[in-house]
Each structure stands twice: as C-alpha cells, then as structure tokens.
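One structure follows; several queries about it will come next.
The values are calculated or read from the model by the stated rules, or taken from the named source; none is laboratory data. These numbers were taken from a predicted model, which means no experiment stands behind them. Glycine gets a Cβ as well: all are built from the backbone with ideal geometry, and neighbour counts include every protein chain shown.
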Amino acid sequence: MLLALFVAALSLYMVYVVPINGREAEISQMNRINEQFTDYKFTLDNLRTSVQVNNLSPVMTSTSFNLGTGGGNTQASGFFLYMLQPVSSTAILALNTTGDTFDIDSSSYHSSRTALLDFPINITSLEYRSSNNYWIQQRYSYQLGGVFLSQDEGTTSRIPPLITMANAPNNSVVVNIAPVQVVGGGSLSGNGPARVDTRQRILPQYNISTGPYIANTWVNLSVTSADSKTAAMWRNLFTNIALSAKLDSAAYSTGSVWDPVSKRTTVYIYITGTNPDPNWNDVTLYVQRAEFYVALNNIASGVT
C-alpha cells in the first residue's frame with residue numbers, strides 16, 4: 001500500500017512539478033539572455049563612441065552567454081534524483097546573415113549610388129536560438145545596433161537600432177544612422193557557457209557619410225525582407241522612431257512594396273521635412289560606419 005502511494009505521488013510529481021520547475025528555469029534563462037543582449041548592445045555602443053569621440057584604439061571585449069539551462073547530475077545525486085530534475089535545455093549561439101537588407105538613399109546620393117555601392121547592405125546578426133523543453137521557443141538577436149526578439153507570433157524590437165531623427169530650425173529634420181554590422185561567422189550549440197569576443201574594425205567611412213551627401217531635400221530608409229512579419233515590424237519601427245522624435249506628420253511617410261518576383265516586401269520611411277521651398281535642403285543626413293569582428297569560443301565541454 002505504501003509503495004503504491006509512493007509511486008502515485010512520484011508520478012504526480014514528475015507529471016506536474018517537474019514541468020513547472022523546468023518552465024520557470026527556462027523563463028529565468030531567457031530573461032537572463034535578454035539582459036545579456038542588452039548589456040552587449042550598450043557595451044558595443046560605448047566601444048564605438050570611445051573610438052570616434054576620444055580617438056582611442058579599438059579594444060577587444062569579452063562577453064559570456066550561457067547556453068540552455070542546468071539539469072540533474074547523475075554522479076552527484078544518483079539516477080533517482082536525476083529523474084526528478086527537469087530536462088536540461090540547449091541553445092545555439094550564432095553569427096548569421098539574416099537574408100534581409102537595409103538601404104539608405106537621399107536626393108544628393110541617388111544619382112551616384114550605383115557607382116558608390118555603399119548600400120544596400122546585408123543585415124548581419126549575433127543571435128541566440130533557444131531549444132526549450134517546457135517554454136516557448138525564443139530567438140534574441142543583435143542587429144543594426146538594436147536588440148530584437150522573435151517568437152512564433154513575430155518579431156519585436158526590444159531596443160531600437162541606431163536610427164534617430166530630430167526636428168531642426170526652418171522646418172528641417174536631422175537623421176542620424178549607425179547601421180552596425182557584426183562579422184565573423186560560426187556557431188556554437190549545446191548546454192553551458194560560451195564566450196563572445198568582439199573588436200571594432202576601423203574602416204573608411206561610407207561615401208554617403210561625406211560632405212556632398214549630407215544636405216538633402218529627401219532621405220529614404222528601407223528594409224527588404226522575405227518574412228512579412230519582419231517587414232511589418234520594421235515599418236512600425238520606422239513610424240515609432242518618427243513619432244518619438246515628434247516629427248510633423250507632413251515631414252515623413254511610411255509604406256510597403258511587395259515584389260511578386262522575389263516574393264519580398266520592402267518597407268520604408270520617406271523623410272522630406274516641411275519647408276515650403278521644394279529646393280530647400282531641409283533633411284540633414286549623418287551616417288556613421290560601425291563594424292565589429294566577432295569570434296565565438298566554447299568554454300565548456302557541453303558546447304561545440
């Protein structure tokens with residue numbers, strides 16, 4: 001009788017309590033990943049600013065990301081207690097090219113863009129992809145200087161990319177962009193800590209960053225994606241950036257264009273300012289080049 005009660009209680013524990021504990025562990029882990037990506041973003045912001053403002057030489061920064069959650073240990077607690085522990089989750093940490101492109105165009109640059117070949121650029125990302133056993137799958141990514149979260153229902157911007165807009169005198173608008181790129185390639189997977197080493201690359205500025213292309217009658221920013229939810233997120237993001245800057249509604253417009261051949265959607269924000277003179281250069285554009293070399297290193301036997 002006692003054995004039957006024990007088996008029944010054990011079964012209930014494994015069916016109900018173990019999944020709850022596993023779910024809580026995976027939620028806590030994903031919250032930590034959110035914090036780590038936030039810290040990583042601001043660390044790279046500080047590195048970029050130090051090099052540009054203080055004319056410092058690039059330095060390498062190392063960041064640790066823990067892949068997955070911990071689990072039972074058969075050596076320390078025996079097989080029986082191991083069975084009472086949630087199954088450990090794993091994850092993938094990778095440098096990827098997303099397949100999306102980011103483009104900048106302007107009135108002064110438009111006629112030269114084919115020859116200068118600055119843009120569009122392929123969007124690259126550092127991303128963490130979960131392989132959870134009890135909680136929803138999530139993917140955090142750092143791209144264009146922002147932090148993004150992808151789930152089944154779509155992608156959201158946790159921290160916007162480095163795109164700002166501001167009102168200026170004479171009904172003008174100032175646009176600042178730093179389309180951060182991370183390069184290096186590679187991936188790690190498994191369960192345990194991994195190290196991300198990052199160093200800024202010193203490269204020539206984009207042609208569009210130079211004097212002849214700063215003053216414009218219009219500026220157009222766009223993202224092209226094969227994923228409709230990602231495209232919709234970027235359109236909302238462009239709108240929110242303009243609203244946060246309190247731009248006059250007549251100073252910009254947003255939209256989307258579907259290409260039936262490539263099956264990709266391009267979303268854009270077209271900025272014109274509101275000066276009544278159509279020839280007035282009322283949109284000032286500043287583009288800062290920022291590129292980081294990233295190396296992924298395993299620091300535990302469970303990560304490869």
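Among all residue pairs at least 6 apart or on different chains, which show Cβ distances below 7 Å where the first residue, located in the range 248-269, is touching a residue at least 40 places away in the same chain (Cβ under 8 Å) and the second is outside any helix (DSSP H, G or I) and of a type in the set (F, W, Y)?
What qualifies is Y252/Y270; T265/W258; I269/Y252.
Could you please find all residues in the range 228-264 being over 18 Å from D105 (Cβ atoms), surrounded by fewer than 17 Cβ atoms within 10 Å (Cβ to Cβ) and not hydrophobic (A, V, I, L, M, F, W, C)?
Selection gives S228, K229, N236, T239, N240, S244, K246, D248, S249, P260, S262, K263.
With within 30 Å of N21 (Cα to Cα) and outside any strand (DSSP E or B) as the only criterion, which of Y134, Y128 stands out?
Sole residue among the options that is within 30 Å of N21 (Cα to Cα) and outside any strand (DSSP E or B): Y134.
Take the conditions surrounded by 15 or more Cβ atoms within 10 Å (Cβ to Cβ) and not in a strand (DSSP E or B) and apply them to S88. Does it pass?
Spelling it out, S88 is indeed surrounded by 15 or more Cβ atoms within 10 Å (Cβ to Cβ) and not in a strand (DSSP E or B).
Hey, another quick one. Do we have Y140 as among the aromatic types (F, W, Y) and either assigned to a strand (DSSP E or B) or on the phi > 0 side of the Ramachandran plot (or both) here?
yes
All but one of (1) within 27 Å of D152 (Cβ to Cβ); (2) at pLDDT 95 or above; (3) surrounded by fewer than 16 Cβ atoms within 10 Å (Cβ to Cβ); (4) small (G, A, S) hold for S225; state the number of the condition that does not hold.
(3)
Tell me, please, whether a residue that is in a strand (DSSP E or B) and either among the hydrophobic types (A, V, I, L, M, F, W, C) or under 23 Å from the mean Cα position of the chain (by Cα) (or both) can be found in the range 224-236.
Checked the range 224-236: at least one residue is in a strand (DSSP E or B) and either among the hydrophobic types (A, V, I, L, M, F, W, C) or under 23 Å from the mean Cα position of the chain (by Cα) (or both).
Cβ contacts < 8 Å: first residue closer than 19 Å to R289 by Cα, restricted to the range 152-171; second residue β-branched (V, I, T) and assigned to a loop (DSSP other than H, G, I, E, B), any location; separation 6+ or different chain. Result?
Every condition considered, the pairs that remain are P161/V180; L162/V180.
Restricted to the range 237-252, and to residues that are over 15 Å from F148 (Cβ atoms) and of a type outside the set (A, V, I, L, M), which residue is nearest to the chain's Cα centre (by Cα)? I'd like the intermediate steps shown before the answer.
Residues of the range 237-252 that are over 15 Å from F148 (Cβ atoms), as a first pass: 239, 242-252.
Still in the list and also of a type outside the set (A, V, I, L, M): 239, 244, 246, 248-249, 252.
Numbers: T239: 18, S244: 20, K246: 25, D248: 28, S249: 28, Y252: 25 Å.
So, considering only residues that are over 15 Å from F148 (Cβ atoms) and of a type outside the set (A, V, I, L, M), the one nearest to the chain's Cα centre (by Cα) is T239.
Somewhere in the range 184-199, is a residue surrounded by fewer than 18 Cβ atoms within 10 Å (Cβ to Cβ), among the β-branched types (V, I, T) and assigned to a strand (DSSP E or B)?
No - not one qualifying residue is present in the range 184-199.
What's the total number of residues in the range 253-297 that are over 22 Å from the mean Cα position of the chain (by Cα), under 30 Å from L203 (Cβ atoms) and either part of a strand (DSSP E or B) or of a type in the set (K, R) (or both)?
Looking only at that region, the number is 5.
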